[in-house]
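Structure first, commentary second.
A short reminder: the numbers here are calculations on the coordinates, not readings from a lab. Quick caveat, the model's predicted, so the values are computed rather than measured. Cβ: placed from backbone, ideal geometry, glycine included. Neighbour counts: every protein chain shown.
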Amino acid sequence: MDDRMQDIGDAKPRMSKRRRFIVVGRWALAAAWAAVVYFGPAASAPSAVAYFVEFAVLGFLLANALWQHMGLLTACAAAVLITCMLGIADGAVSLMVPDHPFSFFDWLVGAGGALAGGIVAHPALRLIDSFVSSDL
């Protein structure tokens with residue numbers, strides 16, 4: 001048998017350049033928003049609404065990025081869990097800041113935002129991806 005024919009079955013399918021750009025772009029959006037949340041200008045006591053929205057957007061963007069590597073429902077659930085853990089990490093860091101003590105309420109608001117982001121992501125990402133990946 002020809003070596004080229006044998007290699008065809010073992011080769012992994014290649015990702016198109018456009019698809020690779022979309023996957024990298026989705027991860028870049030999630031990383032950029034995480035940087036804004038954690039390293040951006042922070043008020044000493046951000047409002048609960050702002051905290052909720054920050055974590056909702058982070059949960060949505062993480063689901064968007066994770067969906068490139070797993071099923072949509074699994075990606076949404078993983079995004080909620082990861083965002084909640086990032087909220088705990090944020091609280092741990094705030095313990096080191098003198099004027100911003102960790103509050104269980106802050107974490108609860110962030111977890112609620114993460115859950116909202118994951119819930120919104122499920123139907124929204126199906127719709128978004130139907131437009132984006134129709135010809136990938």
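Consider F131 against the criteria (1) within 22 Å of K17 (Cα to Cα); (2) in a helix (DSSP H, G or I); (3) in contact (Cβ under 8 Å) with a residue 24 or more places away in the chain: it satisfies all of them except one. Which criterion is unmet?
F131 satisfies all of (1) within 22 Å of K17 (Cα to Cα); (2) in a helix (DSSP H, G or I); (3) in contact (Cβ under 8 Å) with a residue 24 or more places away in the chain except (3).
Being more than 18 Å from N64 (Cβ to Cβ) and touching a residue at least 60 places away in the same chain (Cβ under 8 Å) is the filter here; which residues of segment 104-121 pass it?
Quick first cut of segment 104-121, residues more than 18 Å from N64 (Cβ to Cβ) only: 104-112.
Those that are more than 18 Å from N64 (Cβ to Cβ) and touching a residue at least 60 places away in the same chain (Cβ under 8 Å): V109, G112.
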